[in-house]
Amino acid sequence: MTTAFSQDVWTRRYHEAGPDAMRLICFPHAGGSASFYFPVSRALAPRVEVLAVQYPGRQERRREPAVNSIHELADQIAAALPYEDWRPTAFFGHSMGATLAFEVADRLERDRGLSPVHVFASGRRAPSRVRVENLHQQGDDAIVAELRRHSATDDRLLDDQELLRMILPALRSDYHAIETYRARPGARLRCPLTVLVGTADPLVTPDEAEAWRTHTTGPTDVRYFPGGHFYLTERMQEVLAVMTEVLTAVPR
């Protein structure tokens, strides 16, 4: 694997890109880490500089306490972005990461007058759509069962009790963050959105996906792919094709 070039404690850059390359900041799912986006970085470099966000409590940040609030985590990420080298920047987030991408973009627009050129929201219902969920209050077995149900983690890892003890605290914290999240009333971006959803995803109905249209004044495109919540692991080439199509069309 290519060495990760760390921009700072919050982001990982796995492949070099040109000085004028567009930037894509990627936000992992609950329990996920920056390395989930290594294939995206490899596929898009050097035309696009991919920065993958690394949340506290995992991989080399595993000794740091995880953050169990979406709003607090978004505050910290927004403060840490590389503004000294700002360039046309898009966001991509999957599941919990889609919510974080939205919240960080909202902070950039409100606090800094900066707007991403595009936000890709994958595998997550619109911020205004709320479901009652309490997995973070249940036992470890329930969390592991949820991971198996959505094929979010290799079963070999879930069968390793030592590894489970390492990853469960961050997982529980992430589930607490996303299950207790409530969007700011009327929160709406100015940038275009592309919403990507698996046709068999039990966590996002078509109505919940279409509701993203109310969260931007820009255009919204909703695209469906065969598969469940982690459809993108099997449809990565199709997802990359959509991302490339959209980013190539962005005015520079």
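The values are calculated or read from the model by the stated rules, or taken from the named source; none is laboratory data. Remember, predicted model here, so these are calculated numbers, not experimental data. Cβ: placed from backbone, ideal geometry, glycine included. Neighbour counts: every protein chain shown. Each accessible area value is taken on the protein alone, full model and side chains, heavy atoms only, with ligands, DNA and RNA left out. Shrake-Rupley method; radii C 1.70, N 1.55, O 1.52, S 1.80 Å.
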Problem - residue 18 vs. criteria in a loop (DSSP other than H, G, I, E, B), open to solvent by 20 Å² or more (accessible area, probe 1.4 Å) and farther than 26 Å from residue 178 by Cα - result: yes
Matching residues in the range 21-44 (surrounded by fewer than 24 Cβ atoms within 10 Å (Cβ to Cβ) and assigned to a helix (DSSP H, G or I)) number 8
Over the range 45-62, the set of residues among the small types (Gly, Ala, Ser) and either under 14 Å from residue 166 (Cβ atoms) or in a loop (DSSP other than H, G, I, E, B) (or both) is 45, 57
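Kindly indicate whether residue 140 is in contact with a helix residue (DSSP H, G or I) (Cβ under 8 Å, 6 or more places away or on another chain), closer than 20 Å to residue 31 by Cα and not β-branched (Val, Ile, Thr).
yes
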Is it the case that the range 21-44 has a residue that's touching a Phe, Trp or Tyr at 6+ places or on another chain (Cβ under 8 Å), more than 24 Å from residue 143 (Cα to Cα) and modelled with pLDDT under 95? no
Residue 104 meets each of (1) among the β-branched types (Val, Ile, Thr); (2) modelled with pLDDT of 95 or more; (3) in contact with a Leu (Cβ under 6 Å, 6 or more places away or on another chain) with one exception, condition (3)
Residue count, the range 112-145, condition part of a loop (DSSP other than H, G, I, E, B), among the hydrophobic types (A, V, I, L, M, F, W, C) and open to solvent by less than 20 Å² (accessible area, probe 1.4 Å), comes to 1
Within the range 72-111, restricting to residues that are acidic (Asp, Glu) and under 18 Å from the mean Cα position of the chain (by Cα), the one that is surrounded by the fewest Cβ atoms within 10 Å (Cβ to Cβ) is 72
